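This report refers to the structure that appears directly beneath it.
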């Protein structure tokens with residue numbers, strides 16, 4: 001019996017050592033950011049936790065189509081910004097056939113559709129169908145985000161199909177920051193402007209805006225954000241996979257971090273660290289069943305890192 005016990009202990013030790021060695025091959029976690037403020041915030045939160053666990057997050061700024069392609073080809077491990085239903089086309093192309101894994105839902109209750117300043121809304125532009133009635137005031141322009149973004153593709157389809165009479169309108173594609181600069185310029189002049197809006201985002205506090213109805217076919221009424229991984233990632237890296245399955249964010253959390261960045265000129269990493277220091281209880285759920293890279297309990301290690 002003593003020999004059996006010793007053998008069992010030896011096997012367990014070998015198994016534990018092997019598990020740690022396997023996980024160490026997952027030390028670098030390749031993440032992606034499409035240049036959106038909300039994903040910068042969630043990437044920053046996740047990176048701080050991973051660093052506390054002993055991992056090395058690596059974030060590349062890439063357009064959404066490149067991110068999906070990178071997930072398919074194994075060049076990207078994790079993407080925290082799968083907005084649904086706005087990215088339904090990419091879901092159908094990459095996720096539905098198993099090339100990319102929709103791993104976990106990380107945020108509920110999002111809005112992502114066309115928006116206008118409150119004074120434009122009060123002037124009668126409350127629905128997609130109202131836009132063309134005021135075409136001259138808008139200059140027949142819709143301000144979108146970066147080229148290739150799923151929401152832009154939906155807007156391009158609306159224009160192509162002449163839905164809501166918008167067939168002769170122009171979609172202006174630019175970065176999130178450039179779009180909001182143009183919106184703020186128009187707001188100062190009380191000019192008519194229509195643009196892509198979403199929540200969570202500081203724009204909801206910085207601009208008195210209203211979301212238009214009528215675009216539910218393309219954008220849904222409310223949505224969710226999901227975590228995507230490359231195929232087989234959670235199986236080959238189960239510890240980081242467990243963390244990703246635990247990660248759930250909130251509107252208040254993301255809005256607070258983004259507002260700290262916008263208002264106090266902090267980096268996303270600085271704002272995320274400040275938020276986690278002020279709200280350490282969230283780590284208990286995020287790190288349940290999660291270890292450090294070298295196999296220790298992750299919670300005290302991450303707390304010490306903060």
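The values are calculated or read from the model by the stated rules, or taken from the named source; none is laboratory data. All values reported here derive from a predicted model rather than from experimental measurement. Every residue, glycine among them, receives a Cβ derived from its backbone with ideal geometry; neighbour counts consider all protein chains shown.
A few remarks follow.
- Residues that are modelled with pLDDT of 95 or more, in contact with a helix residue (DSSP H, G or I) (Cβ under 6 Å, 6 or more places away or on another chain) and assigned by TED's automatic domain parsing to the domain that holds residue 49 occur at least once in region 212-227.
- Where helices (runs of 4 or more DSSP H) sit wholly within region 1-76, those with at least 2 residues that are in contact with a strand residue (DSSP E or B) (Cβ under 9 Å, 6 or more places away or on another chain) and modelled with pLDDT of 95 or more occupy 37-52, 64-73.
- Single residue of region 103-122 satisfying the filter (more than 20 Å from the chain's Cα centre (by Cα) and touching a residue at least 40 places away in the same chain (Cβ under 8 Å)) that is farthest from residue 71 (Cα to Cα): 119
- Each residue in region 212-227 was checked for being surrounded by 19 or more Cβ atoms within 10 Å (Cβ to Cβ) and within 19 Å of residue 37 (Cβ to Cβ), and 5 pass.
- Just one residue in the set 133, 140, 160 is under 27 Å from residue 35 (Cα atoms), in the same structural domain as residue 207 (by TED's automatic domain parsing) and without any contact (Cβ under 8 Å) to a residue 12 or more places away in the chain; that residue is 160.
- Against the numbered list (1) within 20 Å of residue 273 (Cα to Cα); (2) without any contact (Cβ under 8 Å) to a residue 60 or more places away in the chain, residue 51 comes up short only at (2).
- Residue in region 87-109 that is more than 30 Å from residue 241 (Cα to Cα) and either in contact with a strand residue (DSSP E or B) (Cβ under 7 Å, 6 or more places away or on another chain) or surrounded by 22 or more Cβ atoms within 10 Å (Cβ to Cβ) (or both) present: no
- In region 142-157, residue farthest from residue 85 (Cα to Cα) [restricted to those that are in a helix (DSSP H, G or I) and out of contact with any strand residue (DSSP E or B) (no Cβ under 9 Å at 6 or more places or on another chain)]: 157
- Region 222-290 holds helices (runs of 4 or more DSSP H) entirely within its bounds, and those carrying 1 or more residues that are touching a residue at least 40 places away in the same chain (Cβ under 8 Å) and in contact with a strand residue (DSSP E or B) (Cβ under 8 Å, 6 or more places away or on another chain) map to 233-236, 238-246, 251-264.
- Sub-6 Å Cβ pairs linking a first residue in region 170-189 that is assigned by TED's automatic domain parsing to the domain that holds residue 157 and within 22 Å of residue 118 (Cβ to Cβ) to a second residue that is loosely packed, with under 13 Cβ neighbours inside 10 Å and at pLDDT 95 or above, at least 6 apart or interchain, number zero.
- Residues (over 29 Å from the mean Cα position of the chain (by Cα) and outside any loop (DSSP other than H, G, I, E, B)) located in region 165-182: 165
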